[in-house]
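Visitor: Structure below; questions to follow.
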Amino acid sequence: MIRRAAALLLLLASAARMGGAQRLPEARMEVGYASVSQRGFDPEAAALLAVFWRQPATNWTFLTSGNLTYAQDSLAAAQGVAAFDFEWPASEHMRTEVGVAGASFSLRSAGRGGNGNAFLRQHFVGTSGGSWVGTGLGRTNRDGVVSSSGALDAGLWYRFGPAYVSASLARTTSADWPLLRASGVVRDPEDDRFELLDALATIELRRGPHDISLLFTGRNGLGGTNARFRALMGTATVQATERVAVLLAGGRQLADPLRGLPQADLVTVSARISLGPQPLPVMERSEIAQAQVIPMAGGGGELVVRVLANDTLFVQVAGDFSEWQPLPMERDGAFWVARVRLPPGKYRVAVAVNQGQWRAPRNLARVRDDYGGEAGLLVIP
């Protein structure tokens, strides 16, 4: 039963990713296969199904997802998440994320147990980096054994070019001895409280709509455990069409007492299908960008290019006036914005997202750039 629930953690992480999308409604479904191997058991296969909905507004975004695993001709486990992501009206650099999640470890028979948890995370978002602090509380019923867990975490992230890196620390306190004993980290069977310290490092590389990432976790036991684990998890996303992506993942997921999910070695293959009013963002379309020229006294004007894109995306604006070198970008609400003052003349300008193809802003005539790509033509009187 625990082994089947383990497959949910990886699927949940991919289904409920908050970054990498435009500020437009989004709905998608994922179907796939997982091989799950837990300590002391043979590998087990499971079918995966997930649905995801994301609804943005001016200063907040609502996200929800649900997941099912199917094993041995029966529904084995289910999990659901609902979260709000708020931007502070007083500061575009502050964002708060709050949510709840629940899981059933077995749908085939009553009494096998489940988990409920809530989380809160405060973000500071800069132009190319940021930080966060967070906390979470969880309660698990596992075959009649009820336990609680709590966690604190803090981290930093930075984006440069197509790369994203982050580093964080998480401290977890838990009474879920069946979960930790199954992972082989309980030092004394009489102990009823355990403490874990995790150091996590992530690196992600994106090329257009495609990405690959690695997550390294180093775990040490602080109290009641002799945990000394090192784990690596890799994921890759290949966008086959605007509505279909293929996801591959594999590695070790350490036990998660907060969500009641066990340690396991996972391999998953799944397809992500966009169902919403907008396809998944291949992000090579000029419709997300618009150019405006603000006249200046004495002639010339200020070119302002606004790109509607999530703050986790890598956005570039360049033109022949900058010798095709990217301009500095800043956040303005839901937009990435580039500004440059130009004398009267004829210019070409283009936008690229996540190292994708260069495209003309949607309101400009399209011409070729100096490298065979596309740019927008503007004339400043």
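Visitor: Tell me yes or no: at least one residue of the stretch 93-102 is small (Gly, Ala, Ser), in a strand (DSSP E or B) and modelled with pLDDT under 90.
Guide: Of all residues in the stretch 93-102, those small (Gly, Ala, Ser) come to 99, 101-102.
Applying the additional criterion that residues be in a strand (DSSP E or B) yields 99, 101-102.
Cutting the leftovers down to modelled with pLDDT under 90 gives us none.
There is no residue in the stretch 93-102 that is small (Gly, Ala, Ser), in a strand (DSSP E or B) and modelled with pLDDT under 90.
Visitor: Then there's this: Looking only at the stretch 216-236, filter to residues that are assigned to a strand (DSSP E or B) and crowded, with 22+ Cβ neighbours inside 10 Å; which one of those is modelled with the lowest pLDDT?
Guide: Going residue by residue through the stretch 216-236, those that are assigned to a strand (DSSP E or B) are 216-223, 225, 228-236.
Among the residues that remain, those that are also crowded, with 22+ Cβ neighbours inside 10 Å are: 219, 225.
Details: Arg219: 91, Thr225: 78.
Taking the candidates together, the pick is Thr225.
Visitor: Among the residues of the stretch 325-359, count how many are under 15 Å from Val293 (Cβ atoms) and part of a loop (DSSP other than H, G, I, E, B).
Guide: Residues meeting the conditions: 3.
Visitor: On the basis of being at pLDDT below 70 and either assigned to a helix (DSSP H, G or I) or not hydrophobic (A, V, I, L, M, F, W, C) (or both), does Arg3 make the cut?
Guide: The answer is yes for Arg3.
Visitor: Which numbered condition trips up Ala360, out of (1) modelled with pLDDT under 90; (2) crowded, with 20+ Cβ neighbours inside 10 Å; (3) closer than 27 Å to Gly129 by Cβ?
Guide: (3)
Visitor: Only one of (1) of a type outside the set (Val, Ile, Thr); (2) at pLDDT 85 or above; (3) in contact with a Gly (Cβ under 8 Å, 6 or more places away or on another chain) fails for Arg171. Which number is that?
Guide: So Arg171 meets the others, but not (3).
Visitor: Name, by its number, the condition in (1) polar (S, T, N, Q); (2) at pLDDT 70 or above; (3) assigned to a helix (DSSP H, G or I) that does not hold for Ser14.
Guide: (2)
Visitor: Here is a further query. Arg28 passes all but one of (1) at pLDDT below 85; (2) in a strand (DSSP E or B); (3) of a type in the set (Lys, Arg); which number fails?
Guide: Single failed check for Arg28: (1).
Visitor: Okay, next question. Which one of these is farther than 27 Å from Thr241 by Cβ, of a type in the set (Phe, Trp, Tyr), in the same structural domain as Leu205 (by TED's automatic domain parsing) and modelled with pLDDT of 85 or more: Phe84, Phe52?
Guide: Phe84
Visitor: A further question follows. What tally of residues in the stretch 30-48 results from selecting those that are buried (at least 18 other Cβ atoms within 10 Å of the Cβ) and under 22 Å from Val244 (Cα atoms)?
Guide: Number satisfying all stated conditions: 5.
Visitor: Give me the pairs: first residue in the stretch 72-95 and under 24 Å from Ala334 (Cα atoms), second residue among the acidic types (Asp, Glu) and at pLDDT 80 or above, beta-carbon distance under 8 Å, and six or more apart or on different chains, which are they?
Guide: Ala83/Glu97; Phe84/Glu97; Asp85/Glu97; Phe86/Glu97; Glu92/Asp332; Arg95/Asp85
The values are calculated or read from the model by the stated rules, or taken from the named source; none is laboratory data. The structure presented is a predicted model; accordingly, all values stated were derived computationally and were not measured. Using ideal geometry, Cβ is built from the backbone for each residue, glycine included, and neighbour counts are taken over all protein chains shown.
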